[in-house]
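Working notes, beginning with the structure itself.
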Amino acid sequence: MWVWSKRSAVSQEEVWEERFYGNQNVVIRRLRSGKSLRVDLYCKRESDALDLMGQYGGIVRNLKEVDWVAESAKPVPPLKIRDSLLVTSETNRAKLRELQEIRGDRVVVIIPAEMAFGTGDHATTSSCLRFLADEARRRQAGGWSMLDLGCGTGVLAIAASLLGAAGCEAMDFDPKAVSVARCNVERNKAEGVEVSQSDLDDWSPDRLYDVIAANLFATVLQRSFAKMADALAVGGSLIVSGVLQDQWDDTKEIAQAAGLTFDVVQKKGKWIAAKGGLA
């Protein structure tokens, strides 16, 4: 067991929370001084911890295996999304068979916990999944396309595919995320999902999509709304999340200036998720 640690200013707390949201192996705690915080991310492999140190600085320490066993032994319940999805980080075949038996009509999505990427249970991701399940029910199978911007583990594109989307594209600027997402696409046998590495600032949409999902920092959303409007089909739906409540008014105003509107806005904790389309 390895742990990557990084000290940072308290003013950067939300940045670290957003970067690692949904990752059950990360701990962010304020230090006694009240001016600094420490980010600890626990990794099974030394190489994963060293990758983090290469990206963000900090230090890497080796922990006793018993510490990892105690932490990782805690059961993580599957995430139920409407009556459509059951998202689990479980990879044990016997336990997966048990889930298959109790899932009912829900589609099982397997997203193992990976270094620096979440499994779908964070408020921002779960809100997107609920909106996505509603869209799939409304649109029926096979007749709609989907784009996942900032895909991370690929959970949104994978869920869309398994819920009947005809074709899904997923992109992320982080090569590690792209690698993880491609593995998850294969693991879930999600047909028609293409994953690519791309920075949204360099992205130029060349086709239209019926559903676009973007679980991103508010600042990235704001810079990209005009491109999303260009990529959204008439009658299409835009799902956004990753916005803190105090960022929502500015974010909504910039979206409206780009020709977008939101008719459903949900608050979960300090986060905002919304669904809308072309104005």
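Against the definition (under 18 Å from the mean Cα position of the chain (by Cα) and surrounded by 16 or more Cβ atoms within 10 Å (Cβ to Cβ)), how does Leu216 come out, yes or no?
Against the criterion (under 18 Å from the mean Cα position of the chain (by Cα) and surrounded by 16 or more Cβ atoms within 10 Å (Cβ to Cβ)), Leu216 qualifies.
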Take the residues of the stretch 129-141 that are closer than 20 Å to Leu232 by Cβ and among the small types (Gly, Ala, Ser): which is surrounded by the most Cβ atoms within 10 Å (Cβ to Cβ)? Ala136
Out of the residues in the stretch 205-222 meeting the condition of being in a loop (DSSP other than H, G, I, E, B) and within 22 Å of Ile272 (Cβ to Cβ), tell me which one is modelled with the lowest pLDDT. Phe217
What number of residues in the stretch 154-197 are modelled with pLDDT under 95 and hydroxyl-bearing (Ser, Thr, Tyr)? 1
Just the residues that are under 13 Å from Val211 (Cα atoms), in contact with a strand residue (DSSP E or B) (Cβ under 7 Å, 6 or more places away or on another chain) and acidic (Asp, Glu), please, taken from the stretch 130-179. Glu135, Asp148, Glu169
Within the stretch 241-248, is even one residue surrounded by fewer than 17 Cβ atoms within 10 Å (Cβ to Cβ) and either in contact with a Leu (Cβ under 9 Å, 6 or more places away or on another chain) or among the hydroxyl-bearing types (Ser, Thr, Tyr) (or both)? no
Considering only residues that are surrounded by fewer than 23 Cβ atoms within 10 Å (Cβ to Cβ) and in a helix (DSSP H, G or I), look in the stretch 142-179 and name the one that is nearest to the chain's Cα centre (by Cα). Ala177
Please give the number of the condition Asp174 fails out of (1) touching a helix residue (DSSP H, G or I) at 6+ places or on another chain (Cβ under 6 Å); (2) in the same structural domain as Leu238 (by TED's automatic domain parsing); (3) within 22 Å of Ala218 (Cα to Cα). (1)
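The values are calculated or read from the model by the stated rules, or taken from the named source; none is laboratory data. Computed from a prediction, not measured in an experiment: that's the story for all the values here. Methodologically, a virtual Cβ is constructed for each residue, glycine included, from the backbone with ideal geometry; neighbour enumeration extends over all protein chains shown.
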